[in-house]
Amino acid sequence: MRMLVLGAGALGGYFGARAMQRGLDVAFLVRPARAAALARDGLRLRSTHGDFDGPVTTMERACPGFDVVLLSCKAYDLDPAIEAIRPAVEAGACVLPVLNGLSHIDRLNAAFGAARVWGGLAKCAATLRPDGTIQHLNDWHWLTFGEQGGGEQDGALDGRAAAFAAALGQSPGLVAEAVPDIRRRMWEKLVHLGTVAAGTVLMRASVGEIIRAGGRGFLLALLERNAAIAAAQGFPMSPGFMESYRAMFSDAGSAYTASMLRDLEAGGRTEAEHILGFLTDAARAAGVPEDLHALALLHARAHDQRREAKRRP
Ligand SMILES: NC(=O)C1=CN([C@@H]2O[C@H](COP(=O)(O)OP(=O)(O)OC[C@H]3O[C@@H](n4cnc5c(N)ncnc54)[C@H](OP(=O)(O)O)[C@@H]3O)[C@@H](O)[C@H]2O)C=CC1
Ligand SMILES: CC(C)(CO)C(=O)C(=O)O
């Protein structure tokens, strides 16, 4: 199996390294600065599930010959990323996007057709450190994906996603899973992420810090509202899902934060429009109270004003 990974950031680096450890033929499509750093230092991953240090193949232009393109850019980089992977996808590769959120799928479908675009999600917390090392932040190591089946309903697997999952396999550092209901899984991820992102960005604190400050009800209200938004779209969360995430968002000892808070605290761009903007609009359309999402979005937009004016937080 040949895999092209667009971006050697936190998730691209993490999953690319794990795929190499499984013996896949992996190349990274990267921009010049990252290409130079990888040529100098190799790819470095630090993880409780095992480190990776080694040289990697990079390319600055995509080419035919890949089975799968793992798309791991941020949502605000999507348009140029689509053009960058086009030569590989038009030659037959499938696209596996690990971006958070949902609206990128429509844009990928418009670019390549739904048959070439899988749904995908990562339950994995990692960050790209300033020295170029990828730091895995907890023990989550799940990559879930599946064919869309064309249209709103999830379809049967046509075998390509299952074959890719089998090639990646299941090891301590990576559990790859091809599923027949990827749209529902992506909504579950958005209910989870929408809660941790809106909550930790708005409060600029971890889940445990928010709870110790008296904010358990605030986090649980976000969770319930996100679940109501998903239900209005036809994806009700199961009782088991809600029980496990209520427990997660009730843990006063938790150091858990969203990658969006890390981006914001680093003074970088965030995916607030793609995640919080989408959820604010969806809440309004569903008749779900939108004030908490709208406030978190406003907070992120105010940060953008300061960032664009070069006033660091
Ligand atoms: N980090 C996490 O814990 C999780 C992240 N996600 C989601 O995964 C997605 C990726 O996040 P993450 O890995 O953290 O992001 P990073 O910022 O760490 O990595 C993104 C990488 O994409 C590269 N890139 C962007 N555009 C291009 C392009 N046209 N050509 C080549 N490379 C490009 C960037 O390279 P350059 O250096 O050149 O800018 C950057 O290194 C996001 O949607 C995020 O929400 C989902 C689950 C967990
Ligand atoms: C919620 C989490 C950590 C799950 O992988 C995530 O997707 C993010 O922080 O962006």
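The values are calculated or read from the model by the stated rules, or taken from the named source; none is laboratory data. All values derive from a computational prediction rather than experimental measurement. Cβ placement follows ideal geometry from the backbone for every residue including glycine, while neighbour counts extend to all protein chains displayed. Accessible surface areas use protein heavy atoms only, side chains included; no ligands, DNA or RNA. Shrake-Rupley method; radii C 1.70, N 1.55, O 1.52, S 1.80 Å.
Points worth noting:
- Helix 291-308 and the longest principal axis of the Cα set of the chain meet at an angle near 60°.
- Kirkwood Rh, Cα atoms: Rg over Rh of the stretch 185-308: 0.95
- Remark on residue 59: its backbone amide H falls under 5 Å from those of 28, 29, 30, a criterion applied only to residues 5 or more positions apart or on other chains, H modelled at 1.01 Å from N.
- Of the trypsin sites (Lys or Arg not before Pro) found in the stretch 22-109, those that fall in a DSSP loop while having at most 11 other beta-carbon atoms within 10 Å are 61.
- Student exercise, the chain dipole from Lys, Arg, Asp, Glu Cβ charges, in Debye to nearest 20: 780
- Listed by chain and number, the aspartates and glutamates placed with their C-alpha closer than 13 angstrom to that of residue 123 are 139, 177, 188; residues fewer than eight positions away on the same chain are left out.
- DSSP loop GluC sites (Glu not before Pro) with at most 15 other Cβ within 10 Å: longest gap in the chain: 153-313
- For residue 148, the amide hydrogen comes within under 5 Å of the amide hydrogens of 119, counting only partners 5 or more places away or on other chains and with H modelled in the peptide plane.
- Mean accessible surface per residue for the stretch 2-180, computed with a 1.4 Å probe while every protein chain stays in place, in Å²: 40
- Local electrostatic count at residue 93 - Lys and Arg +1, Asp and Glu -1, tallied over other residues with Cβ under 12 Å: +2
- Accessible surface of the chain [probe 1.4 Å, protein heavy atoms]: carbon and sulfur percent: 52
- Taking Cβ atoms as reference points and 13 Å as the exclusive limit, the residues near residue 143 contribute a net charge of +4, counting Lys and Arg as +1 and Asp and Glu as -1.
- Rg over Rh [alpha-carbon atoms, Kirkwood Rh] for the chain: 0.95
- Estimated 222 nm signal from helices in the chain, with DSSP H stretches of n ≥ 4 weighted -39500 (n - 2.57), rounded to 500: -14000 deg cm²/dmol
- Solvent-accessible area per residue in the stretch 185-308 equals 41 Å², computed with a 1.4 angstrom probe and all protein chains kept.
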